There are 2 protein chains.
Amino acid sequence: MKDQADTPLPPTELLICVKCRRGRATVADDDRWPGQILFDALTALPVPEEIRLTPVACLQNCDHGCTVALRGGDRWTYVFANLDEVADPAMLLDGAARYHATENGLIPWRERPEHFKRNCVARIPPLEVPNV
Amino acid sequence: MKDQADTPLPPTELLICVKCRRGRATVADDDRWPGQILFDALTALPVPEEIRLTPVACLQNCDHGCTVALRGGDRWTYVFANLDEVADPAMLLDGAARYHATENGLIPWRERPEHFKRNCVARIPPLEVPNV
């Protein structure tokens, strides 16, 4: 039974640009672009239920793909670039779990995946209470 | 009197990274960084009441500043880079007004400021109805 006092953190959304070509001029042999390969690789991994994978067309960071975003609840939204569809899926899920563990989206620097440290292209603050 | 059938569009927020150094090694003579100069220049212009200016520290697009973001209601959020704090404030407010005039945040291509066409570093879809 769940402890009523243990308020769960709001879910986290990992958005993946599935149209990303990552600089390739032609599609892969299996007819998929890198963004789709990245999304498919993520869905093939054991994804914690509190993390939702969302395909997006597209995140418009086309010169520095593959690109993903993390958001959820009252956290800052982060956009990360230059991801490799083969090498990075497990790192991405680890980063998403670390992000999910925070209330505000700010993963402590030392706990941040190295890729996140050097490839953040933007972060956007949580919505404030509307003043209108 | 306002026509009751004329539902107003949700307000638009223009977020400005006020910490941006835009590649400068030293602060300006007046002790302000380019991001703060950009924010101050925007506040000195006639800003439509449906557009809210929000200073942010920081948007973490430090290699390609100055940087701003546009969001509001159920629109896509857009992040634009490489802004000049002296040349671009009026263009930015014009772009914000064009963004505000849309329901989904997608300014028709031909109506988009030239700077927006070539300096989008990311866009993030509106939140969907939570499935949890």
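Picking from residues in the range A:87-126 that are among the basic types (Lys, Arg) and part of a helix (DSSP H, G or I), the one that is nearest to A:Ala41 (Cα to Cα) is A:Arg98. Count of the range B:54-63 residues, restricted to those that are under 19 Å from A:Cys62 (Cα atoms) and either among the aromatic types (Phe, Trp, Tyr) or more than 8 Å from chain A (Cβ to nearest Cβ) (or both), is 2.
Of a type in the set (Gly, Ala, Ser), touching a helix residue (DSSP H, G or I) at 6+ places or on another chain (Cβ under 8 Å), assigned to a helix (DSSP H, G or I) and more than 12 Å from chain A (Cβ to nearest Cβ): is that true of B:Gly35 in this structure? Answer is no for this residue. Among the residues of the range B:9-53, those identified as crowded, with 16+ Cβ neighbours inside 10 Å and among the acidic types (Asp, Glu) are B:Glu13, B:Asp40, B:Glu50. Exactly one residue among B:Leu42, B:Leu14 is assigned to a helix (DSSP H, G or I), in contact (Cβ under 8 Å) with a residue 40 or more places away in the chain and under 11 Å from the mean Cα position of the chain (by Cα), and that residue is B:Leu42.
In this structure, is A:Val56 open to solvent by less than 70 Å² (accessible area, probe 1.4 Å) and touching a residue at least 40 places away in the same chain (Cβ under 8 Å)?
yes
One line per residue, one yes/no per condition, for (1) within 20 Å of B:Pro48 (Cα to Cα); (2) within 14 Å of chain A (Cβ to nearest Cβ); (3) at pLDDT below 95:
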residue	(1), (2), (3)
B:Arg98	yes, no, no
B:Ala101	yes, no, no
B:Gly105	yes, yes, no
B:His115	no, no, no
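The values are calculated or read from the model by the stated rules, or taken from the named source; none is laboratory data. No experiment lies behind these values; they were computed from the predicted model shown. Don't worry about glycine lacking a Cβ; one is built from the backbone with ideal geometry, like all the others, and counts go over all protein chains shown. Each accessible area value is taken on the protein alone, full model and side chains, heavy atoms only, with ligands, DNA and RNA left out. Shrake-Rupley method; radii C 1.70, N 1.55, O 1.52, S 1.80 Å.
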